[in-house]
Amino acid sequence: MKVALTQNMFDALVSFGFNCGVGVCSNSGVARETNAGNFARVPERLLEWNKATIGGKKQEVPGLTARRRDEGDLFLRGSGISPI
């Protein structure tokens, strides 16, 4: 990242990167919003990564939705920033 992060922001992004792969994450909307300082938009961008290919089709996975929501909550926790 190219901006200063709180520990919670860093931890949330590490979780996301570990789960999706750092290469994928570095080119994602999550990285773009973070680097632009648009921190309130990061939780919604994280939620875009809640799908897996099942039976040849991209489908929402409830467990991934919960994980992304938790990462978004962690990202903003204690920052005083409200998600958009």
Heavy-atom surface of the chain, accessible at 1.4 Å and reported per residue (Å²): 60
Burial ranking of peptide ranges 17-25, 32-40 (average Cβ count within 10 Å, highest at the top): 32-40, 17-25
Per-residue [θ]222 nm for the chain (sum of -39500 (n - 2.57) over DSSP H runs n ≥ 4, rounded to 500): -15500 deg cm²/dmol
Size of electric dipole in the chain: Cβ of Lys, Arg +1 and of Asp, Glu -1, about Cα centre, debye, nearest 20: 220
Percent accessible area from carbon and sulfur atoms, the chain, protein chains only, probe 1.4 Å: 55
Structure-derived Rg/Rh (Cα atoms, Kirkwood Rh): which label, when the choices are (i) 1.10; (ii) 1.21; (iii) 0.97: (iii)
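The values are calculated or read from the model by the stated rules, or taken from the named source; none is laboratory data. Since the model is a prediction, treat every value here as computed from it, not as a measurement. Using ideal geometry, Cβ is built from the backbone for each residue, glycine included, and neighbour counts are taken over all protein chains shown. Surface accessibility is based on the protein's heavy atoms, side chains included, excluding ligands, DNA and RNA. Shrake-Rupley method; radii C 1.70, N 1.55, O 1.52, S 1.80 Å.
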